[in-house]
Each structure stands twice: as structure tokens, then as C-alpha cells.
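The values are calculated or read from the model by the stated rules, or taken from the named source; none is laboratory data. As the structure is a prediction and not an experimental result, all values here were calculated from the model. FYI the Cβ positions are ideal-geometry reconstructions off the backbone, even for glycines, and counts take in every protein chain you see.
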Amino acid sequence: MELRRLQISYGKYSRVIAIIQARLTSTRLPKKILKHIGGKSILRHCVDNVNKAISITDVIVASPHVIPEWFNAKRFVGSETDVLDRYYKCAKANYAEVIVRITADCPFIDPDIIDEAVRYYFKTDFGYVCYAPIDGLDVEVFSFKLLEEAWLNAKDKYDREHVTPYIRRKTKLSIDTRTELLKARRWYGLHK
């Protein structure tokens, strides 16, 4: 497979785990991931599409409850409110080195976009990549190391509920403050 060769050529062959974040308690549309489109549930469409990505080693649906439906993925049950904790424990239990974050309410998730995001992740040293051409096709890719750092250090309720805000702030490349300017200069080796 081309992507596997790409990973090996960069010396970064890793166990890439797709964790699909799922819940049945949506307030706007309860049990929405079990609603059907074209004869299949939204969750089944999502899982089936993620399974088509060649860059993924394993697919796991991580939910705070048992989902009463068959789908072609492993299952992990964890915290409902601390989704960061659910992700971390799921990734650790499945020996993830790289995590691909998908949400279960995205039935049109594109395996080619997943593979492109993973390819870009391995091509760079960012530790976090977000690819979101449109809401519903968004993919986040990040290292287990960054996930573990977020799990240990993120204290804000928002950070715990939404998985990646801590990671996004940590890996931000745009410049809005003097601290970020100094960080950018260090990154470019300018040290001014």
C-alpha cells in the first residue's frame, strides 16, 4: 500500500487508530447516530467509510454506553462527560501511537480525506493535523504523546469535553501574541 510505504520511507511507521466518538444522548436529535439514511444507520455509514481508509490499523467506536447495533469496529465504553478521558483510555487500551479522531454523526466521512490527513501528519513534525474541508468531513490526527499530555494537563471542562482544544492551542502556528511570535522565531531558528 502506498501510504504504508510513505510511512516507512519517513521512518515513522505507526499504529494508526481511528477512534469514532459516539453517543446516544444528543439534545437536538436524541439517538441520531442510530437514525437511518439509505437503509443504514448514520453510525454504520461512518464506520464503513472509516474502514475504507488504507491508513487505519484499527477502528474503534468509543461511547459512554453500549450501542445497541452491529457495526464493523471494536467498541470501547468510557466517560460521558470527560470525552478526553474516554479517548485517552481507548487509545491506551488499543496501543495507539497515532489517533485519527472522527465523530459518529458524520455519515459522509471520506476515506480519501482520512488518508490525506494521515499522509500529511507523517510528512510533518507537527504532532497534530486538522483537515476540515467542510463540516462533516473533518478529520483530526494527533500523536498519543500529545493526547497523553492533554489528558494529564487539561483542567478546563471545555477541554475535557471536546478532546482537542488543549492540543490545538499547544500546536497553534498562527501568531497573535508576543509569546507566539517568540515561539515562531525559535521555530525558525531566529532567536531574536
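Which residue is surrounded by the fewest Cβ atoms within 10 Å (Cβ to Cβ), if the candidates are limited to the stretch 60-89 and must be among the β-branched types (Val, Ile, Thr) and farther than 24 Å from Pro165 by Cβ?
Filtering first and then ranking leaves Val66.
For Phe122, state whether it is assigned to a loop (DSSP other than H, G, I, E, B), touching a helix residue (DSSP H, G or I) at 6+ places or on another chain (Cβ under 8 Å) and in contact (Cβ under 8 Å) with a residue 24 or more places away in the chain.
no
Against the condition at pLDDT 90 or above, within 21 Å of Ile20 (Cβ to Cβ) and either touching a Ser or Thr at 6+ places or on another chain (Cβ under 8 Å) or surrounded by fewer than 11 Cβ atoms within 10 Å (Cβ to Cβ) (or both), how does Glu140 come out, does it pass?
yes
Filter the stretch 129-152 for residues that are among the hydrophobic types (A, V, I, L, M, F, W, C) and over 13 Å from the mean Cα position of the chain (by Cα); which is farthest from Pro165 (Cα to Cα)?
The residue in question is Ile134.
Here are some residues: Leu181, Leu146. Which one is surrounded by 10 or more Cβ atoms within 10 Å (Cβ to Cβ), touching a residue at least 24 places away in the same chain (Cβ under 8 Å) and not in a loop (DSSP other than H, G, I, E, B)?
Of the residues listed, the single one that is surrounded by 10 or more Cβ atoms within 10 Å (Cβ to Cβ), touching a residue at least 24 places away in the same chain (Cβ under 8 Å) and not in a loop (DSSP other than H, G, I, E, B) is Leu146.
Is it the case that Gly78 is touching a Leu at 6+ places or on another chain (Cβ under 8 Å) and farther than 20 Å from Asn49 by Cα?
no
Which of the residues spanning the stretch 44-66 are more than 16 Å from the chain's Cα centre (by Cα) and part of a helix (DSSP H, G or I)?
If the condition is that a residue be more than 16 Å from the chain's Cα centre (by Cα) and part of a helix (DSSP H, G or I), then Arg44, His45, Asp48 are the ones that fit.
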